[in-house]
Amino acid sequence: MDLDEEKLVERACNGDVEAFEQLIEPYHSMVYNLAFHYLKEYHDASEAAQEAFLRAFKAVKTFKKNSTIKTWLYRITINTCLDTIKKKKNEKRLIYINEAKDGSDGSEIELQIPSSDLKPDQILEQKAIQKVIRDEISKLPKDSKTILILRDFNDLSYEEIAKILNISLGTVKSRLSRARNSLKDNLLKYRELFNTNGSQIK
Amino acid sequence: MYCENYREMISPYIDGMLTENERAILEKHVLDCDECKNELEEIKFVTEHCHQLEKMPLPVDFKEQLHSKLVNIEGIRHNSRNSS
Ligand SMILES: [Zn+2]
């Protein structure tokens, strides 16, 4: 943690909202995207991300100076998302009992891909591939999903992941290996989609 | 070593987390073993695609909403501090 951050943490501890906002500003997108991976829906992701920041603000006094804001926020966000999922599951159960008429479970996502130089059919294809990968990641067991998101979506190092999840480097390595294998196996059924894109999945 | 042992090296290999020696061992094996070579290519392919996933843009009102929530809880805390 650098000196500026340290000062901001100190001010945030004294209830300075503005200081806290400065501290977390660089991590807005990261936290929101992490939440989106878990919840797959814009509104839920936004709510969970904000909840994570609120929890961080309330707990800023417990932030240890030898850790980093980044790993600390990741940990809080993951916990917040898992809590949200648990809560939603309970709510869903109630909804099913009360009214099973709507049909949609709100889990469908429409991906917004920023404009690029790709031709329309290529964009569609890329959109489809991204959706398939996101869906398959979200279907993985909790541990696999988390480690994949941290490493392959957020580009965190093995060391950072070990700190966030409080596991050893060896566990990071083996868990990630297992997660990638499962994802690869689950993606094999979409072989054709990837093949048109010059894939190596055979 | 069995293929199974080499397979465990694939994921850290992609991340550059193997030692020089381990790298060389795996690279030599996939020259002779088509199955492990295939496995390496597939996992590399999937991993690269994960890295390419687009970041979702932050909702436009995200900062504003968060700000009012933060001010709100700080206000509550402040009041309870004053009254106690
Ligand atoms: Zn082999």
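Annotations for the structure displayed:
- Over 25 Å (Cα to Cα) - which of A:Lys61/A:Lys87; A:Lys7/A:Lys86; A:Lys184/B:Lys28 fall in this group: A:Lys61/A:Lys87; A:Lys7/A:Lys86
- Among the listed pairs A:Lys89/B:Lys63; A:Lys92/A:Lys145; A:Lys92/A:Lys142; A:Lys88/B:Lys55, those beyond 26 Å (Cα-Cα): A:Lys89/B:Lys63
- A Förster distance of 51 Å, applied to the separation of the beta-carbon atoms of B:Glu27 and B:Ile76, puts the FRET efficiency at 0.25.
- Net length gained if the chain between A:Ser174 and A:Lys87 were fully extended (0.36 nm per residue, minus Cα distance): 28.3 nm
- Counted by neighbouring Cβ atoms within 10 Å, the residues A:Cys81, B:Cys50, B:Cys3, A:Cys13 run from fewest to most as B:Cys3, A:Cys13, B:Cys50, A:Cys81.
- Here segment B:3-82 is described by how far its Cα atoms reach on the three principal axes: 73, 28, 19 Å, from widest to narrowest.
- Where trypsin sites (Lys or Arg not before Pro) fall in DSSP loop in segment B:1-58, at most 15 other Cβ within 10 Å: B:Lys55
- Neighbour counts of other Cβ atoms within 10 Å put B:Ile73, A:Ile149, A:Ile129 in the fewest-to-most order B:Ile73, A:Ile129, A:Ile149.
Every read-out reported here was derived from the displayed coordinates using simple, explicitly stated rules and does not represent laboratory data. It should be emphasised that the depicted structure is a prediction, and the values quoted were computed from it without experimental measurement. Glycine gets a Cβ as well: all are built from the backbone with ideal geometry, and neighbour counts include every protein chain shown.
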